[in-house]
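One structure is given below, encoded as structure tokens.
The values are calculated or read from the model by the stated rules, or taken from the named source; none is laboratory data. Bear in mind the structure is a predicted one, so any value in this text is a computation, not a measurement. Ideal geometry is used to build each Cβ from the backbone, glycine not excepted, and the neighbour counts take in all protein chains shown. Ligands, DNA and RNA are stripped out before the accessible areas are found, and what is left, the full protein with its side chains, is counted by its heavy atoms. Shrake-Rupley method; radii C 1.70, N 1.55, O 1.52, S 1.80 Å.
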Amino acid sequence: MELTQGWSSVVPPGVAERYELRETRNAAAVLAATSREEFAEICAVLADFDLTTADLVEAGGNESRLAARLNAAFRARGWREGRVDTVVTSRLQVQPWAPAGEAGVTVRESEVVNEGYKVDNVKGRVALDVEWNAKDGNLDRDIGAYRALYDAGLIDGAVLLTRTHDDLRELARELTRAAGGSADEVRSRLSTSTTTHLGKLESRMTRGDAGGCPLLAVAISRRCWVPADGERARPEPPAPLMLTDGLLP
């Protein structure tokens with residue numbers, strides 16, 4: 001499946017400059033048109049978010065704290081956790097046979113309930129998950145939930161927040177080294193190959209795992225890092241993208 005560029009006409013430049021964006025089926029443009037308020041809130045959360053040195057250097061639990069920070073920002077705007085459950089009812093209708101004096105249909109039913117996976121954030125007709133540095137199997141779970149919700153007509157599209165890989169790994173190692181970390185600590189920063197990042201997500205998008213559901217991937221990059229006092233300044237962002245009309249305020 002080809003990636004599209006619908007995000008370039010609706011994502012504010014300040015957000016597009018800091019994050020890496022990928023999408024299928026013009027997801028950003030679809031959400032901006034069908035869920036304008038929710039899309040504006042997503043852009044606002046992204047604009048307000050800063051990646052800190054602690055997010056990259058502190059060992060143990062820093063991933064969950066970063067995700068919790070983002071999820072709290074969505075909760076404050078009315079987004080709530082959701083879950084996709086499937087209920088399948090099978091009905092057998094046995095028809096009467098008049099010569100035997102039978103009348104009326106005999107009905108037997110059975111019901112199977114499959115409890116689905118949770119979605120971090122749902123509001124209106126948009127679903128959104130934060131996968132900063134989790135096991136990459138979470139991506140299959142998330143995308144499967146989006147596809148089920150979309151096929152059931154419950155959402156118009158989904159957003160998956162993750163991270164880039166090489167640039168953040170390099171930055172994390174630089175910061176760990178500057179903080180006096182050992183050689184092993186430096187090497188261990190964001191080094192696991194089985195955790196979520198944009199490369200893992202993009203491959204699932206291009207092979208069509210989301211089906212017909214428009215999916216927007218937003219990856220936290222090195223350009224989101226804001227240094228603390230005494231640290232070197234944030235690298236200069238790239239030149240602004242040339243975007244078309246229609247940007248959200």
Evaluation of residue 145 against (1) touching a Phe, Trp or Tyr at 6+ places or on another chain (Cβ under 6 Å); (2) closer than 21 Å to residue 228 by Cα (one fails), failing number:
(2)
Residues of the stretch 1-53 being in contact with a strand residue (DSSP E or B) (Cβ under 9 Å, 6 or more places away or on another chain) and charged (D, E, K, R), which ones?
2, 18, 20, 22, 23, 25, 37, 38, 41, 50
With the condition kept exactly as written, say whether any residue in the stretch 15-29 is hydrophobic (A, V, I, L, M, F, W, C), under 16 Å from the mean Cα position of the chain (by Cα) and open to solvent by 30 Å² or more (accessible area, probe 1.4 Å).
no
State yes or no: is residue 117 crowded, with 19+ Cβ neighbours inside 10 Å and within 25 Å of residue 27 (Cα to Cα)?
no
Given (1) at pLDDT 95 or above; (2) part of a loop (DSSP other than H, G, I, E, B); (3) surrounded by 15 or more Cβ atoms within 10 Å (Cβ to Cβ), where does residue 133 come up short, assuming only one miss?
(1)
Among the numbered conditions (1) exposed (fewer than 10 other Cβ atoms within 10 Å of the Cβ); (2) hydrophobic (A, V, I, L, M, F, W, C); (3) within 19 Å of the chain's Cα centre (by Cα), tell me where residue 103 comes up short.
(3)
Checking 46, 66, 51 in turn, the sole residue that is crowded, with 20+ Cβ neighbours inside 10 Å, at pLDDT 95 or above and touching a Phe, Trp or Tyr at 6+ places or on another chain (Cβ under 6 Å) turns out to be 51
In this structure, is residue 143 within 25 Å of residue 215 (Cα to Cα), hydrophobic (A, V, I, L, M, F, W, C), touching an Asp or Glu at 6+ places or on another chain (Cβ under 8 Å) and modelled with pLDDT of 95 or more?
yes
Which numbered condition in (1) buried (at least 18 other Cβ atoms within 10 Å of the Cβ); (2) farther than 24 Å from residue 226 by Cβ is the only one that residue 34 fails?
(1)
In the set 154, 190, 175, 139, the lone residue that is surrounded by 17 or more Cβ atoms within 10 Å (Cβ to Cβ), assigned to a loop (DSSP other than H, G, I, E, B) and not polar (S, T, N, Q) is 190
Being open to solvent by 40 Å² or more (accessible area, probe 1.4 Å) and either without any contact (Cβ under 8 Å) to a residue 24 or more places away in the chain or in a helix (DSSP H, G or I) (or both) is the filter here; which residues of the stretch 178-187 pass it?
178, 180, 182, 183, 184, 185, 187
Got at least one residue in the stretch 81-100 being of a type in the set (A, V, I, L, M, F, W, C), surrounded by 12 or more Cβ atoms within 10 Å (Cβ to Cβ) and more than 14 Å from the chain's Cα centre (by Cα)?
yes
Mind listing whichever residues of the stretch 1-23 are free of Cβ contacts under 8 Å to residues at least 60 places away in the same chain and of a type in the set (S, T, N, Q)?
4, 5
Of all residues being modelled with pLDDT under 95 and not hydrophobic (A, V, I, L, M, F, W, C) in the stretch 157-172, which is surrounded by the fewest Cβ atoms within 10 Å (Cβ to Cβ)? Just the residue, please.
166
